[in-house]
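Structure first, then comments.
The values are calculated or read from the model by the stated rules, or taken from the named source; none is laboratory data. Keep in mind the model is a prediction, meaning the values are calculated, not measured. In this analysis, Cβ positions are derived from the backbone assuming ideal geometry, glycine residues included, and neighbour counts consider all displayed protein chains.
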Amino acid sequence: MNPQRVLVIDDSEMIHKLVRARLADEPVEIHCATGADTGIALATRIDPDLILLDVEMPGCDGFEACRRLKQDAVLSCIPVVFLTGMSTPAQKVQGLELGAVDYVTKPFDPAELRARVRAALRTKYLMDLLAKRAMIDGLTGLWNRACFEQRLAAELSLSRRAGHPLACAMMDLDHFKQLNDRHGHPFGDEVLRGVAQVLLDAARAEDVVCRYGGEEFVILVPNADADRAFAMGQRVCDAVARRLFISRRTPVEVTCSIGVADNLENRGARMVELADKALYLAKQRGRNRAVGVRDPEINAAA
């Protein structure tokens, strides 16, 4: 397992050195920032498993930094442990109500710091494990629709901030109900698993491949426009049609239809709606093909 990442946000370089020394024997990767703004920016970039956050910082203090972290959809699940010289119950309650999971009082005891860090990281690992299981489709092993909705919001936000394109490919297996009726649901499940593998083989490491529901699949394609995603969609169509499925010792033809759109030209969240329209058009045109948002009929709707 890769080491978990701990981010220390504290205006004192001495505290950075002290934390590094106290956690030197722990299986963690430590990153440091000297202020709230730089710390939150660093958290966005490295996605830490735990944030050790100083309360008393000039400018934006730890309470305000914690509030900002918990208001961010991507960063809100990262546990925050406050490092503070304050110990009044009212101040501790304020931090806990903002979403912090624990306090470590300065000057901190080495054993206590290690124990609290271990506890917070263990909880984060278990929460991540539960969240991942809740986001996985049990039949195909792909991400499920709930994961797609979550990643779509995150990828759209990242695309807006970074100015990079984002594409989406909606896919539906052709005549899947007839296939189930004729060959049985166990064979239909085998087809779904086989098609899922085709999608994983065609996708890049950064692509998000999901089972949308039933015989529908969807792929989020970061840093790609509709033309690039359309080329991938055509490859997927060809690969599905070539894949060999056998029912009762007889080859069974399986094909799919794909609709592709991106978030360029101010389409934003309408990208998924337009990909679905392109998918419908692919079916109207005879199935076993991909249709992109550049198509005149879809472009008019956009």
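Enumerate the helices (runs of 4 or more DSSP H) found wholly within the range 172-248, keeping only those where 3 or more residues are within 28 Å of N266 (Cα to Cα).
Once the helices (runs of 4 or more DSSP H) in the range 172-248 are filtered for at least 3 residues that are within 28 Å of N266 (Cα to Cα), what remains is 226-242.
Run A65 past the list (1) more than 28 Å from Q150 (Cβ to Cβ); (2) in contact with a helix residue (DSSP H, G or I) (Cβ under 7 Å, 6 or more places away or on another chain) and report the number of the one that doesn't hold.
Of the numbered conditions (1) more than 28 Å from Q150 (Cβ to Cβ); (2) in contact with a helix residue (DSSP H, G or I) (Cβ under 7 Å, 6 or more places away or on another chain), the odd one out for A65 is (1).
Table: residues versus (1) surrounded by fewer than 19 Cβ atoms within 10 Å (Cβ to Cβ); (2) under 13 Å from the mean Cα position of the chain (by Cα); (3) under 30 Å from G286 (Cβ atoms).
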| residue | (1), (2), (3) |
| --- | --- |
| S157 | yes, yes, no |
| D174 | no, no, yes |
| V195 | no, no, yes |
| G214 | yes, no, yes |
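Hey, could you check the range 55-71 for residues that are over 25 Å from the mean Cα position of the chain (by Cα) and part of a helix (DSSP H, G or I) and say which is surrounded by the fewest Cβ atoms within 10 Å (Cβ to Cβ)?
Among residues in the range 55-71 that are over 25 Å from the mean Cα position of the chain (by Cα) and part of a helix (DSSP H, G or I), the one surrounded by the fewest Cβ atoms within 10 Å (Cβ to Cβ) is E64.
So the check is Cβ under 7 Å with 6+ separation or different chains; which pairs have a first residue in the range 240-266 that's touching a residue at least 40 places away in the same chain (Cβ under 8 Å) and a second one that's assigned to a loop (DSSP other than H, G, I, E, B) and among the β-branched types (V, I, T)?
V240/V254; V240/T255; A241/T255; R243/V254; F245/V254; V260/V293; A261/V293; D262/V293
Within the range 233-258, restricting attention to residues that are over 22 Å from Q284 (Cα atoms) and of a type in the set (S, T, N, Q), which residue is surrounded by the most Cβ atoms within 10 Å (Cβ to Cβ)?
Per the stated criteria, the residue is S247.
Residues to consider are L152, L156, L75, L139; find the one that is outside the structural domain of I15 (by TED's automatic domain parsing) and part of a loop (DSSP other than H, G, I, E, B).
L139
Just need a number here: residues in the range 203-240 that are in contact with an Asp or Glu (Cβ under 6 Å, 6 or more places away or on another chain) and basic (K, R).
1
Please identify the pairs in which a residue from the range 137-155 that is at negative phi has its Cβ atom under 8 Å from the Cβ atom of a residue that is of a type in the set (G, A, S), counting only partners at least 6 apart or on another chain.
Note: pairs meeting the criteria are T140/A196; L142/A196; R145/G213; A146/A134; L152/A269; A153/A73; A154/A73.
Return the residues of the range 34-54 that are surrounded by fewer than 22 Cβ atoms within 10 Å (Cβ to Cβ) and either over 22 Å from the mean Cα position of the chain (by Cα) or assigned to a helix (DSSP H, G or I) (or both); say none if nothing qualifies.
Correct list: T34, G35, D37, T38, I40, A41, L42, T44, R45, I46.
For K283, state whether it is surrounded by 15 or more Cβ atoms within 10 Å (Cβ to Cβ), more than 29 Å from the chain's Cα centre (by Cα), among the charged types (D, E, K, R) and part of a helix (DSSP H, G or I).
Considered against the rule, which asks whether it is surrounded by 15 or more Cβ atoms within 10 Å (Cβ to Cβ), more than 29 Å from the chain's Cα centre (by Cα), among the charged types (D, E, K, R) and part of a helix (DSSP H, G or I), K283 comes out as yes.
So how many residues does the range 198-227 have that are modelled with pLDDT under 95 and basic (K, R)?
Total satisfying the criteria: 1.
Collect the residues in the range 7-33 that are in a helix (DSSP H, G or I), more than 30 Å from the chain's Cα centre (by Cα) and charged (D, E, K, R), keeping them in residue-number order.
E13, K17, R22
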